[in-house]
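The values are calculated or read from the model by the stated rules, or taken from the named source; none is laboratory data. Please read these numbers as outputs of a predicted model, since none were measured by experiment. Neighbour counts run over all protein chains shown; Cβ positions are idealised from the backbone, glycine included.
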Amino acid sequence: MIILYRIMLDIKFIRENKELVRQAAQKKHIEFDVDKLLEVDDKRRRFLGRVEEKRAEQKVASNAIVKADSGERDNILEKMKLLKSELEREEEELKEVLKEWQALMLLVPNVP
């Protein structure tokens with residue numbers, strides 16, 4: 001079994017040198033849309049931020065349950081159920097964005 005590895009450029013480098021990457025694609029006669037990659041990367045970063053934020057909220061709520069009385073606990077549990085469903089939805093959307101991002105990253109030409 002042969003495994004091929006492709007060394008990818010760092011997204012930060014691509015972001016800072018998008019004209020250089022665009023020129024490399026032209027020189028190699030590769031159709032590659034740097035702006036599309038950066039747009040998808042922005043989307044990926046937004047989703048990552050939202051998912052991390054919801055996970056932090058979940059952690060705070062979990063800690064609050066321990067300290068809450070029974071009436072308050074039920075209220076927190078209801079909020080956690082809603083938060084959990086929102087988090088699952090966000091994670092699914094993040095997975096889709098990550099697939100698109102990874103596919104685009106594999107198309108990035110190496111810069112000479």
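For Ala61, are the conditions met, namely being buried (at least 16 other Cβ atoms within 10 Å of the Cβ), more than 30 Å from Val111 (Cβ to Cβ) and either touching a residue at least 60 places away in the same chain (Cβ under 8 Å) or over 21 Å from the mean Cα position of the chain (by Cα) (or both)? Against the criterion (buried (at least 16 other Cβ atoms within 10 Å of the Cβ), more than 30 Å from Val111 (Cβ to Cβ) and either touching a residue at least 60 places away in the same chain (Cβ under 8 Å) or over 21 Å from the mean Cα position of the chain (by Cα) (or both)), Ala61 qualifies. Within segment 94-105, residues that are under 19 Å from Glu52 (Cα atoms) reach partners that are basic (Lys, Arg) with beta carbons closer than 9 Å, at six or more positions or on different chains, in the pairs Leu94/Arg44; Leu94/Arg50; Val97/Lys43; Val97/Arg44; Val97/Arg46; Leu98/Arg44; Trp101/Lys43; Trp101/Arg44.
Residues that are under 18 Å from Gln102 (Cα atoms) and either exposed (fewer than 14 other Cβ atoms within 10 Å of the Cβ) or modelled with pLDDT of 95 or more (or both) within segment 23-42 comprise Ile30, Glu31, Asp33, Val34, Asp35, Lys36, Leu37, Leu38, Glu39, Val40, Asp41, Asp42, listed in sequence order. Taking segment 60-112 as the search range and keeping residues that are assigned to a loop (DSSP other than H, G, I, E, B) and among the aliphatic types (A, V, I, L, M), which one is nearest to Leu37 (Cα to Cα)? My answer is Val108.
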